[in-house]
1. Could you pull out which residues in region 225-245 have an amide N less than 20 Å from a spot 7 Å beyond the Cα of SER342, following the Cα-Cβ vector?
2. Starting from 0.36 nm per residue, how many nanometres of slack lie between LYS78 and SER236 once their C-alpha separation is accounted for?
3. Run the simple label-point estimate for LEU171 and LYS2 please: 7 Å along Cα→C-beta, distance reported in nm.
4. Taking 0.36 nm per residue of sequence separation and subtracting the Cα-Cα distance, how much length would be gained by fully extending the chain between ARG196 and SER14, in nm to one decimal?
5. Rounded to the nearest 10 Å², what accessible area does ASP265 show when all protein chains are kept and the probe is 1.4 Å?
6. How long are the semi-axes of the ellipsoid equivalent to region 190-329, from square roots of 5 times the Cα gyration tensor eigenvalues, in whole Å, largest first?
7. Which translational diffusion coefficient, to the nearest whole µm²/s, is obtained for region 111-227 from the Stokes-Einstein equation, given a Kirkwood hydrodynamic radius over C-alpha pairs, 25 °C and 0.890 mPa s?
8. Between ILE157 and ASN375, how many nm apart are label points set 7 Å from Cα along the C-beta direction?
Amino acid sequence: MKVLSYAWYIYDSSLEPFNKNYTGGGLVVRNLCNYIGKYHESYLFLGQAIEPEIMVENIKIVKTDYDITQTNVKGDNKKYIAYMTDIFAKAIKKIQPDIINFHDYGDLAASIVKQVCSKLKIPYVITCHLYEAKNVEYSGYEDAREVSRKLLELPNIKIITVSNGMKRKILEDYRDYDEKRLVPILNGTDFKADCRDNTLKKELGIGNRKILLCAGSIGNRKNQIQLLRVFAQDASLREKVCVIFCGKIAVCSTYNIIDEIEKADLTDCMLYVGALQNEKMKDFYSISDALIMPSYAEGLSISALEAIAYGLPVIMYADSECADDLNDQKVTCFADSHSDASMGKAIHEWYEKSWDREYIKNFSKRFTMEEMAKNYLKFYEKTLSEM
């Protein structure tokens with residue numbers, strides 16, 4: 001079977017200009033394509049920048065640099081989209097894929113679906129890695145919300161959701177939507193826990209306090225600012241717990257986490273350490289006691305899957321998309337609502353509870369990249385057999 005995947009970007013340390021896009025989504029798409037390549041022919045079309053034809057482990061990166069003058073410039077994006085749409089059609093004729101899997105539905109993907117896939121009658125599916133709900137409590141993701149709306153208006157297309165909770169949230173917004181068209185295939189990771197005995201905790205001056213790790217891009221959707229409010233109002237938490245934030249500050253964020261920590265006089269119990277790659281993250285997972293995730297919207301968080309591989313419990317909202325698949329009282333601690341009081345209560349419950357790290361590590365084994373890839377391949381084969 002030949003599988004052609006489309007993604008706007010991935011994360012790969014060896015591939016410019018994609019070696020700085022260190023996000024959960026970029027990592028999971030790259031690893032999925034690589035695992036598919038172990039069993040079948042795996043091609044990947046990258047939309048964000050033109051690339052030569054190249055092999056990256058088991059992935060055949062599709063050639064798009066026929067015209068090296070083409071650049072993705074927002075001021076003239078229509079020209080770039082038209083060029084890349086034509087190149088995608090050229091790639092299809094050359095590769096003759098059995099199925100196409102889109103991993104986003106931005107302007108370029110929408111152009112390809114409308115102008116190429118629909119005309120050539122090639123089977124395709126779309127994976128929704130992040131669903132932006134109709135009514136949200138944060139700003140800065142209006143474009144992404146429009147993408148979600150357009151995706152769900154596509155007729156007769158099956159959409160892969162990366163968690164059961166994402167399917168639930170979509171059906172809450174679109175009550176008449178045919179739920180058979182939403183197919184949950186859970187995210188997985190090939191992340192291997194490496195518990196390191198290091199002096200990092202001492203170097204950071206944390207003392208005997210427990211550590212909450214908050215990993216992910218810093219911004220309105222991830223809602224790290226709530227933790228500052230919770231700790232500012234609770235002296236006992238400030239004495240007992242240290243929060244470490246890691247991740248790139250989002251362009252659309254309305255606050256700077258470093259400035260806000262200083263303004264709230266929380267520098268003694270909160271640290272921002274920047275965006276970290278996998279190997280460095282292992283140092284921080286090794287010294288942490290839990291992952292805290294006050295995010296308003298997730299897919300199935302790769303950070304959460306990495307954290308439980310270390311045996312760390314996860315604190316999150318009870319209505320999070322991740323909650324359905326991580327719902328085990330021995331693994332997760334839920335905030336009943338999005339209020340500061342509810343989040344504070346969840347942190348105290350986590351602090352007072354004894355957690356069995358070995359149980360959590362065993363629980364994490366159900367979220368492997370191998371299992372994820374096999375489920376995608378089963379879905380592709382089922383889709384083709386039904387046509």
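The values are calculated or read from the model by the stated rules, or taken from the named source; none is laboratory data. None of the values given here were measured: they were computed from a predicted structure. Quick reminder, even Gly has a Cβ in these numbers, built from the backbone with ideal geometry, and neighbours come from all protein chains shown. All accessible areas refer to the heavy atoms of the entire protein, side chains included, with ligands and DNA or RNA removed. Shrake-Rupley method; radii C 1.70, N 1.55, O 1.52, S 1.80 Å.
1. The answer is 225-234, whose backbone nitrogens lie closer than 20 Å to the label point.
2. Answer, rounded to one decimal: 51.4 nm.
3. 3.7 nm
4. Separation in residues times 0.36 nm, less the Cα-Cα distance, equals 63.0 nm.
5. Answer for ASP265: close to 120 Å² accessible.
6. After scaling each eigenvalue by five and taking roots: 21, 19, 15 Å.
7. Reported coefficient: 137 µm²/s.
8. Inter-label distance under the simple model: 2.2 nm.
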